């Protein structure tokens, strides 16, 4: 199958590094992350995809400060972005950036807990997030869209690092450990089952399918290789979608089923099953973005968020 053409258009106007942990999850304390993590910011750009063609334009920088602004997740229709922001004291809260106002708002405003990895829940009336509780317990919680009414989702599954909703009751989880494990949990029964070990932090629902995806770390010729796999939560069956770019661990799915991933300042795309492999989309250094890590695509497929560092 011929590789689809990829077109990139950037209007010059106007980043990052992963969360650090020996288990590839959240750090032991929020203050440790605030002290160790480099400054990261979030850029959002328009994404157009049609018949295998990808077009990116109109990048804007929605955060601009020296600290850690990361883990973007779009709200319905791409109207806003939820993200994690850490202040100088190490306090991590969930913020919301609204495109209509161009302003960010602190949603969780917690004093003795920290929140990470906000994700809109099925139904759209609440978001879930990893909460590091006052006693350092790390579980999955939910909040209403204003950041109020916190409720534990999974009482006994811990320490959860990252998550993705497959449907209204089924979750794919990155659970910290040695090694980290992929677990599928059902909220109604509070049950969780391990399906894979030694996985990466980037877990997603596959668009238009009742599947989740994750990176499975494998050793080949003494080298550690990340294999992007999909999993059926009912059967546990997995399929290989592609091999991750060397040195990268974050990716996102487009609306038409392509995978986006970055290396340095360069964005790439991969169509699963296409033997041609990764194809360069754009070098975002042209708009001042380097060290790209996390990526997020809006539910309607029309916007792309990237986390990175300001290019020198």
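Run residue 60 past the list (1) modelled with pLDDT of 90 or more; (2) closer than 16 Å to residue 162 by Cα and report the number of the one that doesn't hold.
(2)
Determine which member of the set 202, 213 is touching a strand residue (DSSP E or B) at 6+ places or on another chain (Cβ under 8 Å) and either under 17 Å from residue 71 (Cβ atoms) or surrounded by fewer than 20 Cβ atoms within 10 Å (Cβ to Cβ) (or both).
Exactly one of 202, 213 is touching a strand residue (DSSP E or B) at 6+ places or on another chain (Cβ under 8 Å) and either under 17 Å from residue 71 (Cβ atoms) or surrounded by fewer than 20 Cβ atoms within 10 Å (Cβ to Cβ) (or both), namely 202.
Report, ordered by the first and then the second residue, all pairs with beta carbons closer than 8 Å, sequence separation of six or more or different chains, a first member in segment 143-156 that is at positive phi, and a second member that is surrounded by 10 or more Cβ atoms within 10 Å (Cβ to Cβ) and not in a strand (DSSP E or B).
So the pair list comes out as 147/107; 147/108; 147/109.
Looking only at segment 162-184, count every residue that is buried (at least 20 other Cβ atoms within 10 Å of the Cβ) and in a strand (DSSP E or B) and tell me the total.
Going through segment 162-184 one residue at a time, the tally reaches 11.
Residues that are in contact with a strand residue (DSSP E or B) (Cβ under 9 Å, 6 or more places away or on another chain), under 30 Å from residue 208 (Cβ atoms), modelled with pLDDT of 95 or more and not in a strand (DSSP E or B): does segment 105-115 have at least one?
Within segment 105-115, the first condition is being in contact with a strand residue (DSSP E or B) (Cβ under 9 Å, 6 or more places away or on another chain), and the residues that meet it are 105-110, 113-115.
The next check asks that each one be under 30 Å from residue 208 (Cβ atoms); those that pass are 107, 115.
Those still in the list that are modelled with pLDDT of 95 or more too: 107, 115.
The next check asks that each one be not in a strand (DSSP E or B); those that pass are 107.
Yes, some residue in segment 105-115 is in contact with a strand residue (DSSP E or B) (Cβ under 9 Å, 6 or more places away or on another chain), under 30 Å from residue 208 (Cβ atoms), modelled with pLDDT of 95 or more and not in a strand (DSSP E or B).
Quick check on my filter: what residues within segment 46-90 are crowded, with 20+ Cβ neighbours inside 10 Å, on the phi < 0 side of the Ramachandran plot and not in a strand (DSSP E or B)?
Within segment 46-90, 62, 63, 75 meet the criteria.
Considering only residues of segment 229-281 that are touching a helix residue (DSSP H, G or I) at 6+ places or on another chain (Cβ under 9 Å) and in a loop (DSSP other than H, G, I, E, B), which is surrounded by the most Cβ atoms within 10 Å (Cβ to Cβ)?
Start the filter on segment 229-281 by keeping residues that are touching a helix residue (DSSP H, G or I) at 6+ places or on another chain (Cβ under 9 Å), which leaves 262, 264-267.
Keeping just the survivors that are in a loop (DSSP other than H, G, I, E, B) gives 264-265.
Details: 264: 17, 265: 21.
Taking the candidates together, the pick is 265.
Scan segment 192-203 and tell me whether some residue there is over 24 Å from residue 74 (Cβ atoms) and either touching a helix residue (DSSP H, G or I) at 6+ places or on another chain (Cβ under 7 Å) or part of a loop (DSSP other than H, G, I, E, B) (or both).
yes
The values are calculated or read from the model by the stated rules, or taken from the named source; none is laboratory data. Everything numeric in this text was worked out from a predicted model, so none of it was measured. As a convention, Cβ positions derive from the backbone with ideal geometry for all residues, glycine included, and neighbour counts pool all protein chains shown.
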